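Encoded as structure tokens, the structure appears first; notes follow it.
The values are calculated or read from the model by the stated rules, or taken from the named source; none is laboratory data. A quick note: this is a predicted structure, and the numbers were derived from the prediction, not measured. Virtual Cβ from ideal backbone geometry, glycine too; neighbours counted across all protein chains shown. Protein only, heavy atoms only, side chains kept; ligands, DNA and RNA dropped before computing areas. Shrake-Rupley method; radii C 1.70, N 1.55, O 1.52, S 1.80 Å.
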Amino acid sequence: MQADIISKYFKSLSEKQTKQFGMLYELYQDWNAKINVISRKDIDNLYEHHVLHSLAIAKMLHFKEGTNILDFGTGGGFPGIPLAIMFPEANFKMIDGTGKKIKVASEIGNSIGLDNILPMHLRGEEEKGKFDFIVSRAVMPLPDLMKIVKKNIAKDQHNALPNGVIVLKGGNLKEEIKPFQKIAEQIELTQWFEEEWFKEKYLIYLPG
């Protein structure tokens, strides 16, 4: 079963979490046929390229109960939905400027019984709330992202890491990181995941 790749790296999943992860393939395949949120060629790699990739954030940080997270540019629900399954006690607001994609994220969340997500059709510039962390997956260059979300980082800290921005990106990030090189932490995903696809894939953490 494709979803086994999740339990390979996360050993202590509950029965409910295992079931929720297991339901994702059929749901995304069904929705993707109506609204293209994942490349048609890539849907068979859903667990490795989208679900596990999103969960790299869970390898870096365990969100405590009550942590508020903004998933910026969630698309069809990444990284928000996998993280919301992994951290049922944390709260995830998932925003995207494309209403059709938010519909997919919302319907899939409902189908698997997620009650800790709030998907909204909203552009980042319009989001006024404060969050412990902003997470994002290859949405836009870091300097552009930081300009938009800096206003949304809450001051009070509840987790092991200072509040800030966590993004998943690939390729050569030298130029993007240059303005933040004194504070940015760049982690290669191959230190957590052995699959070939994770080469040259990174997690960037910027404290707020």
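Quick notes on this structure:
- Annotation: of all residues in the stretch 169-194 being open to solvent by less than 40 Å² (accessible area, probe 1.4 Å) and in contact with a helix residue (DSSP H, G or I) (Cβ under 6 Å, 6 or more places away or on another chain), the one that is modelled with the highest pLDDT is 189.
Let's see how each residue does on (1) outside any strand (DSSP E or B); (2) buried (at least 24 other Cβ atoms within 10 Å of the Cβ):
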residue	(1), (2)
52	yes, yes
92	no, yes
106	yes, no
128	yes, no
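- Number of the condition not met by residue 165 [criteria: (1) more than 20 Å from residue 24 (Cβ to Cβ); (2) surrounded by fewer than 21 Cβ atoms within 10 Å (Cβ to Cβ); (3) at pLDDT 95 or above]: (2)
- Answer residue from the stretch 108-126, given it is in contact with an Asp or Glu (Cβ under 8 Å, 6 or more places away or on another chain) and assigned to a loop (DSSP other than H, G, I, E, B) and is most open to solvent (accessible area, probe 1.4 Å) among those: 122
- The one condition in (1) surrounded by 19 or more Cβ atoms within 10 Å (Cβ to Cβ); (2) in contact with a helix residue (DSSP H, G or I) (Cβ under 9 Å, 6 or more places away or on another chain); (3) hydroxyl-bearing (Ser, Thr, Tyr) that residue 67 fails to fulfil: (2)
- Single match in 81, 102 (criterion: surrounded by fewer than 24 Cβ atoms within 10 Å (Cβ to Cβ) and either over 27 Å from residue 187 (Cβ atoms) or in contact (Cβ under 8 Å) with a residue 24 or more places away in the chain (or both)): 102
- Odd one out for residue 37 among (1) under 17 Å from the mean Cα position of the chain (by Cα); (2) assigned to a helix (DSSP H, G or I): (2)
- Among the criteria (1) closer than 25 Å to residue 186 by Cβ; (2) part of a helix (DSSP H, G or I), the one residue 75 does not fulfil is (2).
- Once the stretch 1-41 is narrowed to residues that are among the small types (Gly, Ala, Ser) and surrounded by 16 or more Cβ atoms within 10 Å (Cβ to Cβ), the residue that is modelled with the highest pLDDT is 22.
- Looking only at the stretch 61-72, and only at residues there that are in contact with a strand residue (DSSP E or B) (Cβ under 6 Å, 6 or more places away or on another chain) and either among the hydrophobic types (A, V, I, L, M, F, W, C) or not in a strand (DSSP E or B) (or both), the one that is nearest to residue 198 (Cα to Cα): 72
- Single unsatisfied condition, residue 145 versus (1) open to solvent by less than 10 Å² (accessible area, probe 1.4 Å); (2) touching a Lys or Arg at 6+ places or on another chain (Cβ under 7 Å); (3) outside any strand (DSSP E or B): (2)
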